[in-house]
1. Between exposed GluC sites (Glu not before Pro) in the chain, where DSSP calls loop and at most 13 other Cβ atoms lie within 10 Å, what's the longest gap?
2. With N set to the number of residues, divide the alpha-carbon radius of gyration of the chain by 2.2 N^0.38 Å and report two decimals.
3. As I understand it, the dipole of the chain uses +1 on the Cβ of Lys and Arg and -1 on the Cβ of Asp and Glu, about the Cα centre. Which of 291, 38, 319 lies farthest toward its positive end?
4. Can you list the lysines whose alpha carbon is less than 28 Å from that of residue 214, not counting same-chain residues fewer than 8 positions off?
5. Using the charge dipole of the chain (Lys, Arg: +1 at Cβ; Asp, Glu: -1 at Cβ; taken about the Cα centre), state which of 256, 86, 135 has its Cα farthest towards the positive end.
6. Please arrange 33, 260, 156 by counting, for each residue, the other beta carbons lying within 10 Å of its beta carbon, fewest first.
7. Taking amide H positions as placed 1.01 Å from N in the peptide plane, with prolines and chain starts having none, which residues 5 or more places from residue 320, or on another chain, fall under 5 Å of its amide H?
8. In a Debye calculation with equal point scatterers on the alpha-carbon sites of the range 207-338 and no solvent, what is log10 I(q)/I(0) at q = 0.14, 0.16 Å⁻¹?
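Laboratory data are not the source of any read-out in this text; all were calculated from the coordinates shown. From a predicted model like this one, the values you see are computed outputs, not experimental measurements. Note: ideal-geometry Cβ built from the backbone for every residue, glycine included; neighbour counts use all protein chains shown.
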Amino acid sequence: MTKLSLLKYQFVFCMQIVFCSKLSRLEKRVDIMEQKMLNDAMAFRADIYDIFEKLDNVLKNSSLNYIENKPIVSSKCDASEIENVLLLVKKAVNEEKINTRKVINELRTEFHRKIERQMNQTKETDILFDKLSLVEEQINSTARETLQNEENIHDMRVTHNELNNDIQSLIKLEERNEDKAKDVDENIKRLNKRYAFLSARIDCNGKSWHSFEKSCYYVGNEVLLTWIQANEKCKLLNATLAEVETEEENAYLVELAAKMTPADQLYDVYIGGSDLKSEGEWIWEGSKRRIFDVFNNFKGNEPNGNRRENCLHLIRKYSWNWNDISCETKLSYICEKTLNY
Ligand SMILES: [Ca+2]
Ligand SMILES: [Ca+2]
Ligand SMILES: [Ca+2]
């Protein structure tokens with residue numbers, strides 16, 4: 001039994017006790033008053049009857065024994081006075097009876113009215129009890145739902161925790177897979193570079209190609225060409241005229257040119273620089289970078305040809321330093337193919 005239910009029963013029980021106690025006291029009071037009034041009425045009647053009896057005796061004997069017998073009432077009272085007195089007494093008795101009955105009826109009416117009011121209160125108490133029962137049932141129902149909800153919430157929390165653990169496991173697995181994927185990517189990139197390098201080295205191993213660091217070089221020395229022709233020939237070989245970016249590359253090309261070209265040639269080999277498009281602005285043909293921003297090895301007073309000399313070559317008689325020369329001069333040339341790895 002819930003606390004509210006217990007309070008409700010206690011309340012109803014107390015109401016019933018109070019009601020019953022009051023009702024019992026009222027009943028007793030009514031009984032006492034009624035009994036008292038009845039006793040008074042009976043005593044009064046007894047006294048009246050006693051008077052009547054004595055009066056009757058007086059009246060019966062008054063004509064015969066008025067002188068011999070002692071009168072109960074005063075001899076001054078004649079029959080008519082006595083009769084008047086009797087009438088008054090009877091009237092008083094009747095009024096007393098009427099008043100007594102009236103009081104008793106009023107008490108009964110009041111008693112019934114109180115009984116009816118108490119009955120109505122009892123009915124209201126019953127209605128209240130029904131309402132309390134309904135509220136109690138609703139509370140119990142809500143409590144059951146709450147309990148069910150709590151169980152559901154608990155189940156949901158358990159499921160949530162399980163899902164969270166699964167997600168964490170998946171995240172860790174994914175991270176491991178990502179690491180493995182990165183390793184695989186790195187391996188693929190490394191293998192691609194290795195493949196490109198090996199492919200290039202195979203190309204460099206073709207006829208007349210020479211490798212140095214990340215480039216292959218071809219020395220055209222059989223047919224001498226103008227700078228423009230040499231440039232076109234290199235393109236046909238899927239290359240460009242050599243672009244010298246470092247001192248080391250320059251030293252290698254000098255060594256290569258010295259080895260691959262006849263010593264009696266005066267001007268030796270074209271490489272990929274020119275100021276054909278804008279006088280004094282020397283550009284590498286392959287990358288379009290400005291030569292003086294990268295590396296140069298011009299001889300002391302070179303370039304000096306202005307618009308007459310617009311193409312770059314390595315010249316043996318100047319210790320293989322660089323010189324500008326007329327682009328129409330026919331020379332050997334060096335093509336460069338950069339290895340992309
Ligand atoms: Ca180069
Ligand atoms: Ca020039
Ligand atoms: Ca020059």
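1. Working: sites that count: 68, 213, 279, 281, 328.
The answer is 69-212.
2. 3.56
3. Final value for the positive-end residue is 38.
4. Counting by Cα, and skipping residues close in sequence, residue 214 has these lysines nearby: 182, 189, 193, 233, 235, 259, 288, 299, 337.
5. Ranked along the dipole, the leading option is 86.
6. So the residues, fewest neighbours to most, are 156, 33, 260.
7. Placed amide hydrogens put 315 under 5 Å from residue 320.
8. Reported log10 I(q)/I(0), two decimals: -0.52, -0.70.
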